[in-house]
Amino acid sequence: MARLCLAVLCLIASSPCAAAPPGDELPSVFTGSARNKLLLISFDGFRWDYDRDVETPNLDKMAKDGVKAAYVTPPFLTITSPSHFTMLSGRYVENHGVIHNMWFNTTTQEKKQYYMTQFVDSYWDNGSLPIWITAQRQGLKAGSLHFPGTAATYKGETVKVRQVEPRFYDHSNETDWRLNIDKVIGEWFHQQDLDFVSLYIGEPDLVGHDFGPDSPERREMVQQVDRTVGYIRNKIQDHGLTDRLNIIITSDHGMTTILRDGLVKKIILSKIPGFSFKDIKFQLLDYGPAGMLLPKEGMLEKVYQALKGSHPHLHVYKKEEMPARLHYSNHPRLLPIILIADPGYIVNGVLPLNSNKGEHGFDNEVMDMKALFRAVGPDFHKDMMVDPLDLVEVYPLMCHLLGINPEINDGHLDNTKHMLVPKKNTGGENNNPEKKNQMEVLIGLSALMGFLVLVFIITTSFNMWKRTRG
Ligand SMILES: *[C@@H]1O[C@H](CO)[C@@H](O)[C@H](O)[C@H]1NC(C)=O
Ligand SMILES: *[C@@H]1O[C@H](CO)[C@@H](O)[C@H](O)[C@H]1NC(C)=O
Ligand SMILES: *[C@@H]1O[C@H](CO)[C@@H](O)[C@H](O)[C@H]1NC(C)=O
Ligand SMILES: [Zn+2]
């Protein structure tokens with residue numbers, strides 16, 4: 001009798017496992033701790049080919065130890081906040097809503113520059129969650145230092161460990177970079193045991209603007225970046241984290257040289273025949289090669305016709321006729337007319353005030369807009385050169401490395417999986433916490449069912465026994 005009970009119990013208890021799909025999730029239940037840590041570093045404006053005319057021993061060493069992509073294609077608009085929020089969310093700009101570095105209100109005419117926009121929660125929290133919040137919701141510890149979007153609150157939650165740069169911050173100071181790196185690696189990863197940190201460094205963007213991408217100043221800054229990469233990897237080694245920490249180094253966009261006065265005819269909207277600022281309710285101009293206009297009621301067609309074809313290097317689109325590949329059309333924050341200049345040109349309103357030698361913000365198909373992508377760590381292949389990828393792909397890759405369920409996004413893990421060493425048990429899908437929970441519930445239920453059956457059998461046989469005795 002007892003043997004029969006046991007057999008029945010085992011059969012019932014094990015049936016849900018037998019019914020689980022092949023290649024099932026079971027092993028992951030026992031390998032939750034196999035997840036490695038992840039450090040995402042963005043060097044602002046590091047063009048894909050900046051290592052070609054400078055000695056970069058540390059970046060070269062990292063490529064030897066890890067993965068190097070030919071380049072990464074940023075989303076359009078190729079500027080800081082939109083592109084960084086794509087890194088954090090895996091969504092194109094029209095899907096995440098951080099459409100510009102500047103917050104603006106077309107009714108009040110108010111504009112906030114890059115820094116103040118960091119604190120406008122509703123601007124960032126527009127339907128897409130950055131990876132920090134997703135990781136925290138799934139039980140991981142996340143941190144962020146200076147990364148665009150760090151200051152904002154998303155659905156009531158911020159990245160728990162964070163450092164936002166002061167208002168007037170020197171983004172180029174190498175000593176300060178090292179102090180920040182010490183904090184991220186020594187305190188956040190080592191002492192506080194964080195799982196994921198995003199780290200932002202504001203160069204070589206600034207030298208690219210001020211001196212141009214072909215300047216000796218830019219080459220010198222790339223050497224500073226390279227020393228920093230070496231410093232980071234040494235720090236990681238010193239704290240014994242090399243085998244437990246993956247590093248992804250990438251950037252938000254590249255940089256191209258602006259053609260000089262006298263050599264070219266500048267794009268100055270106020271000088272275009274038939275165009276008048278009297279017809280414009282709100283404008284976002286004088287911000288590099290892209291601009292946006294909100295014409296006054298009934299003036300859209302007039303403004304559009306005046307601008308279209310007015311300069312051989314100015315592209316004029318109604319919002320809805322933007323090329324679909326740019327993914328910069330379908331969002332209520334985008335204004336009805338969008339202007340994009342060809343490489344070398346910028347869009348000026350009344351006066352050509354912008355004297356930058358280098359700019360970005362151009363079409364993301366322009367080679368000078370492509371950015372750096374490198375990765376190294378226990379989950380990456382060594383000495384592997386891979387094809388170009390899109391920046392939207394970095395998000396699903398990071399979620400996979402962290403073993404978390406991604407939010408809806410525009411990338412796909414298939415496009416980066418070849419960078420990773422095959423593993424038996426770990427990885428995003430296998431570590432899928434939701435499925436793990438379901439499995440635990442299922443196992444619990446089967447145990448309960450088995451117990452009830454056992455109680456039933458014992459009671460019945462006891463009653464039978466009582467009856468036969470009585
Ligand atoms: C812009 O300002 C108007 C008037 O104050 C306000 O009604 C509107 O909600 C604001 N829009 C945004 C996006 O803040
Ligand atoms: C995103 O912002 C736009 C305009 O600012 C607003 O109309 C829309 O409701 C927001 N969407 C979400 C999901 O927050
Ligand atoms: C760089 O930063 C360090 C540490 O914050 C500071 O002591 C130093 O004065 C800075 N150097 C320059 C040139 O500003
Ligand atoms: Zn810039």
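The values are calculated or read from the model by the stated rules, or taken from the named source; none is laboratory data. Computed from a predicted structure; not experimentally measured. FYI the Cβ positions are ideal-geometry reconstructions off the backbone, even for glycines, and counts take in every protein chain you see.
Okay, here's what the table says:
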read-out: Hits in the range 207-223 - residues which are in contact (Cβ under 8 Å) with a residue 40 or more places away in the chain and under 13 Å from residue 360 (Cα atoms); value: 208, 209, 210, 212, 213
read-out: Index of the failed condition, residue 66 passing every other in (1) under 22 Å from residue 343 (Cα atoms); (2) surrounded by fewer than 24 Cβ atoms within 10 Å (Cβ to Cβ); value: (1)
read-out: Of all residues making up the range 269-290, the number that are closer than 26 Å to residue 329 by Cβ and either within 16 Å of ligand 2 (Cβ to nearest atom) or touching a Gly at 6+ places or on another chain (Cβ under 8 Å) (or both); value: 11
read-out: Those residues of the range 375-388 which are within 11 Å of residue 70 (Cα to Cα) and buried (at least 23 other Cβ atoms within 10 Å of the Cβ), in sequence order; value: none
read-out: Residue satisfying all of: in the range 261-285; part of a strand (DSSP E or B) and modelled with pLDDT of 95 or more; nearest to the chain's Cα centre (by Cα) among these; value: 284
read-out: Hey, residue 169 outside any helix (DSSP H, G or I) and either out of contact with any Gly (no Cβ under 9 Å at 6 or more places or on another chain) or in the same structural domain as residue 409 (by TED's automatic domain parsing) (or both) or not; value: yes
read-out: Neighbours by Cβ (under 8 Å, 6+ apart or cross-chain): first from the range 150-177, under 21 Å from residue 195 (Cα atoms); second away from ligand 1 (no atom under 16 Å from the Cβ) and of a type in the set (Asp, Glu); value: none
read-out: Among (1) within 16 Å of ligand 1 (Cβ to nearest atom); (2) at positive phi; (3) not small (Gly, Ala, Ser) - the single one residue 383 does not satisfy; value: (1)
read-out: Unique match (being surrounded by 16 or more Cβ atoms within 10 Å (Cβ to Cβ) and outside any loop (DSSP other than H, G, I, E, B)) among 178, 219; value: 219
read-out: For residue 276: the one exception among (1) polar (S, T, N, Q); (2) in contact with a strand residue (DSSP E or B) (Cβ under 7 Å, 6 or more places away or on another chain); (3) free of Cβ contacts under 8 Å to residues at least 60 places away in the same chain; value: (2)
read-out: Residue 244 under 26 Å from residue 350 (Cβ atoms) and more than 16 Å from ligand 1 (Cβ to nearest atom); value: no
read-out: Test for residue 119: is it within 23 Å of residue 362 (Cα to Cα), outside the structural domain of residue 325 (by TED's automatic domain parsing) and among the hydrophobic types (A, V, I, L, M, F, W, C); value: no
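Yes/no per residue for (1) in a loop (DSSP other than H, G, I, E, B); (2) touching a residue at least 40 places away in the same chain (Cβ under 8 Å):
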residue: 287; (1), (2): yes, yes
residue: 304; (1), (2): no, no
residue: 309; (1), (2): yes, no
residue: 317; (1), (2): no, no
residue: 334; (1), (2): yes, yes
residue: 339; (1), (2): no, yes
residue: 351; (1), (2): yes, yes
residue: 354; (1), (2): yes, yes
residue: 362; (1), (2): yes, yes
